[in-house]
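The structure under discussion appears below in the form of C-alpha cells.
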Amino acid sequence: MKNFLKVIKLDLETKLIGRVLINSEDAKEIGIVNEQIILLQYIETSIHCKVDITDTEIPQGSIGLYEDIWAKYRVPADEYVTIENISKPKSIGYIKKKLLGSTLSRDEIFQIAKDMTSRKLNDTDSAYFLASMFNPGLDQLESMFLAESMAETGSVYNFKTNSDSIVLDKHSFGGVSGKGVTPILTSVISSMGYMIPNTSTRSITSAAGTTDIVETIMPVVVAPEDIVPQVREHKGMLAWGGGLNLSPSGEVMIQIEKGLHIESYKKVVISIVAKKISMGVSHVVIDLPYGKFTKIHTVDEVREIGRAFMQLLTDIGIKGFIYMREVRGIDGFGVGPNLEMREVLRILEGHEKASQKLKIESCRMAGKLLELAGLAKTNQGFDAAINQINNRQALQAFWKIAQAQGAKQVMISDDLKPAKHYKTVSSIRNGKLKHIDNKKIIKIAKILGCPAHKGSGLYLHKDIGDEIVAGDKLVDIFSYSPRKLNKALDKIDIVSAFEIEL
C-alpha cells in the first residue's frame, strides 16, 4: 500500500546519508518503525531511505527530506511523494550465509554491493557484512568478486583508445603529513604523454587531503561527462573522487566503519582496488609508508598489506608495484593546503627553497610506475622522471591540467601565502633530528584550522638527520585566528613533536 506525504525540505546536512523524518502518528498508521528502510517515490524517481521518527519536528501528513536527498533528486518542497514498506532484500540471506561460514558466489556478492549502494540494506545489516570480513573472512575469490562488484555498482570510465591502452595511477595508503607526491607525480607522468586520471579525497585523518591542497589552485570537481575527454587530451587529471560515483558501496562501508570505530585492512585494500577498476587503470604504484608515527607501524605489517594488494591486483588483471618506505618525518616542509601546494609548485619551478627530499621521493615513485608499464628501462625511470621536472615540462603539464579544470590564472609558488597570524617555535636542545611525530603535527594543524582554512598550517625548518643547536627555528605555525594559534600552543607541546637525539 502506498501512502502520500507532503515534502518539507530540511535546510541542513546530516552525516548519515539517505535519511528522512516522519511524524510518529504517520509511522504508526503506515506501520513503520524507527530505522526501517522504505521506498520513496517522486514521479519516476525511486529512492530507498531510512526512517527517523519524530513527535515534534515534522507535522502529521508530511515528510522531512535532508539536503542530500532533495538536492540530488530535485524533489521540491510542498510536493507529494509516496512511501511504502518494502520486503527484506535477498542480500540479507546472503550475509547470514557468510556469517555462518559459507563461501559466496559472484552474484551473491554483487547483490550485497548493489543493495548497499541503493540503501536497501540498513546500517545494521551492512555492519554484519563488514563483520564477516573479520570472521570468517573473505577468501581470495570472494575478495576479487567484491572489488569488481563495488566498481560495477557505480560508474566505470574507459580512457583507452586504439592507440593508447595504458592508464597509469598512484595511490597512497596515507598516514603521512604532506600530500605533494601525487600532484608532482601526476604532472611528471602526464608531461611525458601518458594518461594518469588521478582522483583523490578530502582530508579524512590528515591535516589536508590531496583534494584540499589542489583546490587552492584549481577547481577539483570535474563533471563526469568531461573526465574522459580531458584525460585523453591533456593526459592528466587531479579531481575530487567524491562526485564521480566511484564504488558507492565503499562509501557506505566507510560511514558504517566510522560508527563502529573499526577499520579492516582487507576492506581498505578491496575498496582501493575497486576504485582503480572504476577508473580503468592498467598499472598502479601503491605507496605504503610505514614507521613509528604512521598508520602502518612495522615492516611485517607493511609486507602483509603489500601482499594483499599484489594478490588482488593480479587477480583483477592490473599490474602493480608496492612502494614500501620507512617514514620518520613528513613529506616536504609544509603542512596545510596553501603550504603543501606551495611545496609542489616550488619543486616544479625549481625554486631554491624546494624540498629536495620530496622531489626525489616523487620521482622515485614516478620512475617505478614508468618501469612497471614498460615506458622506461629498468633503473632508468627515476632519471626520466626527474628530467621532466628539471626541464620544466612537468610544470607546463601541471598548468595544462589546472586550466582544463578551470584555473583562472597561472600562479607562482610565492603567490600562495600562509595565514597572517603566526608563531615561530625553536629548539631547546642540541642534537640530531631523529623523528617527527606525524600524529602531533596533524593534531596541531587541525587546531589551527586545517583544512577548511587554506592558509593555516605549519612550515618546518628542519628535516630528519639535520644537526640542531638550541635556539634554532624548528617550525612556524600559522592560523587565520589568534585564538586558534594560542589554543594550539597551549594544548600541545609542539617541541615534543620533534625527537632530537643527542
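Before moving on, here are some points about what is shown:
- Set of lysines with alpha-carbon distance to LYS423 below 21 Å, sequence-local pairs under 8 removed: LYS353, LYS439, LYS440, LYS443, LYS446, LYS454, LYS462, LYS473, LYS484, LYS487, LYS491
- For the chain, share of DSSP beta bridges that run antiparallel, in % to the nearest 5: 55
- Dipole size of the range 187-280 about its Cα centre, with +1 on Lys/Arg Cβ and -1 on Asp/Glu Cβ: approximately 300 debye, rounded to the nearest 20.
- Counting only the Cα atoms, the range 241-381 fills a convex hull of 153 Å³ per residue.
- Percentage, to the nearest whole number, of Cα pairs in the range 3-85 over 16 Å apart: 42
- Value of Rg/Rh across the chain [Cα atoms, Kirkwood radius]: 1.00
- For the chain, the relative contact order works out to 14 percent when only alpha carbon pairs closer than 8 Å and six or more residues apart are counted.
- Cα gyration tensor shape of the range 91-137, rounded if a/c is under 1.5, else prolate or oblate by comparing a/b with b/c: oblate
- Of all beta bridges that DSSP places with both ends in the range 3-85, some 65 percent have antiparallel geometry.
- Centre-to-centre separation between the Cα atoms of the range 156-173 and those of the range 313-372: 19 Å.
- Helix 438-448 axis, angle to the chain major axis (alpha carbon atoms, nearest 10°): 70
- Distance from the alpha carbon centroid of the range 14-86 to that of the range 386-412 works out to 47 angstrom.
- In this structure, LYS88 and ASP490 have a Cβ-Cβ separation that, at R0 = 45 Å, corresponds to a calculated FRET efficiency of about 0.25.
- Helical content of the chain, expressed as a calculated mean residue ellipticity at 222 nm, amounts to -12500 deg cm²/dmol (DSSP H runs of 4 or more residues, -39,500 (n - 2.57) each, divided by residue number, nearest 500).
- Distance between the range 222-248 and the range 459-478 - C-alpha centres, whole angstrom: 39
- Using alpha-carbon coordinates, inclination of helix 106-117 to the longest axis of the chain, degrees: 90
- Here's the picture: a label point sits 7 Å out from the Cα of LYS434 along the beta-carbon direction, and within the range 296-336 the residues with their amide nitrogen under 16 Å of it are 327-329.
- Among 276-288, 405-417, 296-308, the order from most to least packed when residues are scored by Cβ within 10 Å on average: 276-288, 296-308, 405-417
- Helix 482-491 axis, angle to the chain major axis (alpha carbon atoms, nearest 10°): 80
- Taking trypsin sites (Lys or Arg not before Pro) across the range 1-58, the ones in a DSSP loop with at most 12 further Cβ atoms lying within 10 angstrom of their Cβ are LYS2, LYS15.
Readers should treat all values here as calculations from the given coordinates under stated rules, not as data from a laboratory. Bear in mind that the values here come from a model prediction, so they are computed numbers and not experimental data. A quick note on method: Cβ atoms are made from the backbone with ideal geometry, for glycine too, and the neighbour counts reach across all protein chains shown.
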